[in-house]
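Everything on this sheet refers to the single structure shown next.
The values are calculated or read from the model by the stated rules, or taken from the named source; none is laboratory data. From a predicted model like this one, the values you see are computed outputs, not experimental measurements. So basically every Cβ, Gly included, is an ideal-geometry build from the backbone, and we count neighbours across all protein chains shown. Accessible surface areas use protein heavy atoms only, side chains included; no ligands, DNA or RNA. Shrake-Rupley method; radii C 1.70, N 1.55, O 1.52, S 1.80 Å.
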Amino acid sequence: MEPAGDFIRALPKAELHLHIEGTLEPQMAFQLAARHGMALPYPSVEALQQAYDFRDLQSFLDVYYAGAAVLRDERDFHDLTSAYLRRAHADGVVHAEIFFDPQTHTARGVALEAVIGGIGSALREAERELGLSHRLILCFLRHLSEDEAMRTLEQALPHLQAITGVGLDSAECGNPPGRFARVFERARALGLKAVAHAGEEGPASYIREALDVLKVSRIDHGVRSEQDPQLLARLVHERMPLTVCPLSNVRLRVFERMEDHNLGRLLAAGLCVTVNSDDPAYFGGYVADNYVAVQRALGLSREQIVQLAANSIEASFLPDAQKKAWQERIRVVAGAA
Ligand code: ADE
Ligand code: ZN
């Protein structure tokens, strides 16, 4: 392992933008298909991997939703989550805020209890065994209606103690955040935090809408904020975190090459930028791979890497005392290197 990777893995980090369905590795997809006597439309792990050649967000989402079909019962969700948490722990992740897409599963007849039960037992196990803390964020699929999102929120009411916030994901263009104003209002009234994907493929105006209408605490992606200088100034002023996912952005052609990524400029402009893996099984790397890729392509300094790790803790939903303890630990690790 090269030194930048060693240093990055040693730094305590939070991962704040991770879709649990996006951690389904091809090998596990085949294992789960075999477990359920299902046939995948690919002859081998390699053939499935070759399908991971995306033109844009929608071409990825088609493969991602098809892949989720092998997740059928509580044990599947447990095994999926457990594998991710072990992998994240090896990358130095000390706290994970995980997205899940209930509608992808309930639409196939999988009970919400199985989804939340399986993810939840793996999260508790990782807390006990690895000391890795967590939050769970329920995402609404924005290509579906607000009424369907509202029904999903109602279904989740018996599980509110397991859920910290709501998010908004799936096909962005043509599905502005404002379409989900009522369901986010209801979620906030229930005491849930709000986050939303905005400014990944969609325009900077969607980021404004997520802030003003959905009243989010973080913007997921947000890289298109650069197109709007006034918005950028606002994001700096409000210290509104962006959960940026560099490998995802290159694989989904938001940026043609990693060298073109604007993360370095956003960081230099004073934004609370964080680095995350989004759907690591599909985009070629977990969180430390994302740090290494941007560090190399953009020539980030050691101080900037430390800043990114510190930002991830700051932007998390951890209580202040725990944030303080992790920031101190980051300073110790950075100083010792
Ligand atoms: N669902 C999973 N990954 C996503 C992404 N990058 N953008 C929108 N929806 C998603
Ligand atoms: Zn995402």
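Considering the range 57-86, and only residues there that are touching a strand residue (DSSP E or B) at 6+ places or on another chain (Cβ under 9 Å) and more than 16 Å from ligand 2 (Cβ to nearest atom), the residue that is nearest to Gln31 (Cα to Cα) turns out to be Phe77. Scan the range 174-223 residue by residue and report those that are of a type in the set (Lys, Arg) and more than 17 Å from the chain's Cα centre (by Cα). Matches in the range 174-223: Arg179, Arg182, Arg186, Arg188, Arg208, Lys215. Taken over the range 161-196, the criterion of being in a helix (DSSP H, G or I) and either under 30 Å from Ser121 (Cβ atoms) or among the hydrophobic types (A, V, I, L, M, F, W, C) (or both) is satisfied by Gln161, Ala162, Phe180, Ala181, Val183, Phe184, Arg186, Ala187, Arg188, Ala189. Take the residues in the range 169-201 that are among the basic types (Lys, Arg) and touching an Asp or Glu at 6+ places or on another chain (Cβ under 7 Å), then tell me which one is surrounded by the most Cβ atoms within 10 Å (Cβ to Cβ). Among those residues, the one meeting the criterion is Arg179.
Taken over the range 90-137, the criterion of being within 20 Å of Pro280 (Cβ to Cβ), within 15 Å of ligand 1 (Cβ to nearest atom) and in contact with a strand residue (DSSP E or B) (Cβ under 9 Å, 6 or more places away or on another chain) is satisfied by Glu97, Ile98, Phe99, Phe100, Asp101, Thr104, Ile137.
Name, by its number, the condition in (1) within 14 Å of ligand 1 (Cβ to nearest atom); (2) within 15 Å of the chain's Cα centre (by Cα) that does not hold for Val254. It fails just one condition, (2).
Within the range 203-224, residues that are at pLDDT 95 or above sit with their Cβ atoms under 6 Å from residues that are open to solvent by 50 Å² or more (accessible area, probe 1.4 Å), at 6+ positions apart or across chains, in these pairs: Ala204/Arg224; Ala204/Gln227; Ser217/Lys193. Could you please let me know if Val166 is surrounded by 18 or more Cβ atoms within 10 Å (Cβ to Cβ), within 16 Å of ligand 2 (Cβ to nearest atom) and modelled with pLDDT of 95 or more? For Val166, the condition - surrounded by 18 or more Cβ atoms within 10 Å (Cβ to Cβ), within 16 Å of ligand 2 (Cβ to nearest atom) and modelled with pLDDT of 95 or more - is met. Please go through the range 82-97 and give me each residue that is open to solvent by less than 40 Å² (accessible area, probe 1.4 Å) and farther than 24 Å from Lys323 by Cβ, ordered by number. Within the range 82-97, just Ser82 meets the criteria. Contact annotation: residue pairs with Cβ atoms under 7 Å, 6 or more positions apart or on different chains, pairing a residue in the range 288-311 that is over 16 Å from Lys13 (Cα atoms) with a partner that is open to solvent by 40 Å² or more (accessible area, probe 1.4 Å), are Ala297/Glu259. Within the range 260-285, the only residue that satisfies the criterion of being open to solvent by 20 Å² or more (accessible area, probe 1.4 Å) and either closer than 23 Å to Ala51 by Cβ or hydroxyl-bearing (Ser, Thr, Tyr) (or both) is Gly284. Only residues that are of a type in the set (Gly, Ala, Ser), open to solvent by less than 50 Å² (accessible area, probe 1.4 Å) and in a helix (DSSP H, G or I) were counted in the range 7-44, giving 3.
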